[in-house]
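Working notes, beginning with the structure itself.
The values are calculated or read from the model by the stated rules, or taken from the named source; none is laboratory data. Model, not experiment: these values are computed from the prediction. All Cβ positions, glycine included, derive from the backbone under ideal geometry; neighbour counts span all protein chains shown. For accessibility, only protein heavy atoms count, side chains too; no ligands or nucleic acids. Shrake-Rupley method; radii C 1.70, N 1.55, O 1.52, S 1.80 Å.
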Amino acid sequence: MRKIIHLTDLHLCPPGGRVIGFEPESRLRACIASINSRHADADLCVVTGDLTDAGDAASYERLRGILATLRVPVRLLLGNHDRRAAFRAAFPEAECDSHGFVQSVLDLDGVRLLFLDTLDEDQPGAGILCRDRLGWVADRLAESSDRAVTVFLHHPPFTIGVEYFGHMLLANGAELMGLLRGAGGRVRHLAFGHCHVGLSGQRGGVSFNANRGTCHPIDVELRGLRALYVDRRPTYDVLLLEDGDVVVHSVEPGSEEDVVAEERAELDGGSGVIEMRRPVLAVAR
């Protein structure tokens, strides 16, 4: 079984910068501390774009320093808030395809991971996979006939049922999904960001999930063109991949002070002894 960490939508700023009132660095560092403590055995950490809020050189350099504390190998993708040239200047070692797009592939035992570059620098929110990028995807699928495939990207390639994001999707997502569905059932899962909400489902026989990210989460409203940013903790996902099977756990970093009680399971499946740590303080509103 392979363990993959999924981070997204960091929106890192220069020192002192905030995004809609949120301080991106401390929220990212909380996730990294949790990953280092609980999942340092992961095979890879994938960050699916919006690495910075403005695509500026200072923020990419800051990100480089922060990621140096992560104990897991990392693969960085681009989102609509990123700028390809500035990113590549700060991360010259980042793998790219022959056309200079930040796309790459990684094979782990019976699993193939594809990392896509959906950035369209001519659009503020929507993404694109041009002919060159789609051709690269087709080639990578064609050469992996014996591996289950998981695809990472920033933009959702189909509607997610939230009207606010209707014009911010992958513009030619239907073309990508056609390629993936034509791979003989080998594409098992998609993982993306961009939405700032946690969601999961299945599209055309392919499962998918999105993590809400580390910065400025959104409270879901299915109808209407407004976004309600809410004061909640950052999150990351843990993907467990084995052959064609996928399990996704969403993690909200906390501390020992959050623990109310501890129970150790019995081997017969019965209830174990529960040790109370502190009273429950939270009140539903």
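In percent, rounded to a whole number, the relative contact order of the chain is 19, using alpha-carbon pairs under 8 Å and six or more apart.
Once you have the Kirkwood Rh of the stretch 94-148 from its Cα pairs, apply Stokes-Einstein at 10 °C and 1.306 mPa s and quote D in µm²/s. Translational D for this selection: 131 µm²/s. According to the calculation over all Cα-Cα pairs in the stretch 1-160, the P(r) per 10 Å bin from zero is 10, 38, 37, 13, 1 %.
Counted over the stretch 123-172 with a bin width of 5 Å, the fraction of Cα pairs per bin, in whole percents, is 4, 18, 23, 20, 16, 11, 6, 2.
Across all directions, the shadow cast by the convex hull of the stretch 216-274 built on its C-alpha atoms averages 7.9 square nanometres.
By the compact-protein rule of thumb, 2.2 N^0.38 Å, the alpha-carbon radius of gyration of the stretch 166-208 corresponds to a ratio of 1.21.
Taking amide H as placed 1.01 Å from N in the peptide plane, the amide H of Thr52 sits under 5 Å from that of His11, Leu12, each at least 5 places away or on another chain.
Report, in debye and to the nearest 20, how large the dipole of the chain comes out about its Cα centre when Lys and Arg carry +1 and Asp and Glu carry -1 on their Cβ.
Values: 31 positive and 41 negative charges, 73 e Å.
That gives the chain a dipole magnitude of about 360 debye.
Taking 2.2 N^0.38 Å as the expected size of a compact globular protein, what ratio does the Cα radius of gyration of the stretch 60-99 give against it, to two decimals? The partial results should precede the final answer.
Numbers: Rg = 10.7 Å, N = 40, 2.2 N^0.38 = 8.9 Å.
Normalised by 2.2 N^0.38 Å, the Cα Rg of the stretch 60-99 equals 1.19.
Positive contributions from Lys and Arg (+1) and negative ones from Asp and Glu (-1), summed over other residues with Cβ under 13 Å from the Cβ of Ser26, come out at +3.
Across the stretch 98-114, rounded Karplus estimates of 3J(HN,Hα) from the backbone phi angles (6.51 cos²θ - 1.76 cosθ + 1.60, θ = phi - 60°) give 5, 9, x, 7, 7, 10, 7, 9, 9, 9, 10, 6, x, 10, 10, 10, 10 Hz, Gly and Pro being marked x.
Over all directions, the average projected area of the alpha-carbon convex hull for the chain comes to how many nm²? Before the final figure, lay out the partial values.
Values: hull surface 67.5 nm².
With the hull built on Cα positions only, its mean projection is 16.9 nm².
Toward the positive end of the charge dipole of the stretch 203-280, with +1 on the Cβ of Lys and Arg and -1 on the Cβ of Asp and Glu, the farthest Cα among Gly213, Val247, Val259 is that of Gly213. 3J(HN,Hα) along the stretch 126-138, derived from phi through the Karplus expression 6.51 cos²θ - 1.76 cosθ + 1.60 where θ = phi - 60°, amounts to 6, x, 8, 10, 5, 4, 5, 5, 5, x, 4, 4, 4 Hz, with x in place of Gly and Pro. Working from Cα pairs under 8 Å separated by at least six residues, relative contact order for the stretch 3-83 is 41 percent.
I'd like the antiparallel share, as a percent to the nearest 5, of DSSP beta bridges with both residues in the stretch 1-121.
Values: 6 of 15 bridges.
Roughly 40 percent of the beta bridges in the stretch 1-121 run antiparallel, per DSSP.
Note on Leu225: accessible area is roughly 130 Å² with a 1.4 Å probe, heavy atoms of protein only.
Calculate the length of the line joining the C-alpha centroid of the stretch 36-69 to that of the stretch 152-222, in whole Å. Answer, in whole Å: 21.
Within the stretch 78-176, the percentage of alpha carbon pairs spaced more than 17 angstrom apart rounds to 54%.
Antiparallel versus total DSSP beta bridges in the chain: what percent is that, nearest 5? Don't skip to the answer; put the middle values down first.
On the way: 28 of 51 bridges.
Bridges in the chain are about 55 percent antiparallel.
When the alpha-carbon atoms of the stretch 144-285 are used, the pair Rg, Dmax equals 19.1, 54 angstrom.
Normalised size of the stretch 3-80, defined as Cα radius of gyration per 2.2 N^0.38 Å with N residues, equals 1.04.
Quick one: of the DSSP bridges fully inside the stretch 113-238, what percent are antiparallel, nearest 5?
Of the beta bridges lying entirely in the stretch 113-238, close to 35 percent run antiparallel.
Nearest 500 deg cm²/dmol is fine: what mean residue ellipticity at 222 nm does the chain get from its DSSP H runs of n ≥ 4 alone, each adding -39,500 (n - 2.57), divided by its residue count?
On the way: 5 runs with 54 residues, N = 285.
Counting only the DSSP helices, I get -5500 deg cm²/dmol.
Near the amide H of Gly127, within less than 5 Å, lie the amide hydrogens of Leu169, Leu170, Ala171, all on another chain or at least 5 residues away, with H placed in the peptide plane.
A convex hull fitted to the Cα coordinates of the stretch 35-126 yields 112 cubic angstrom per residue.
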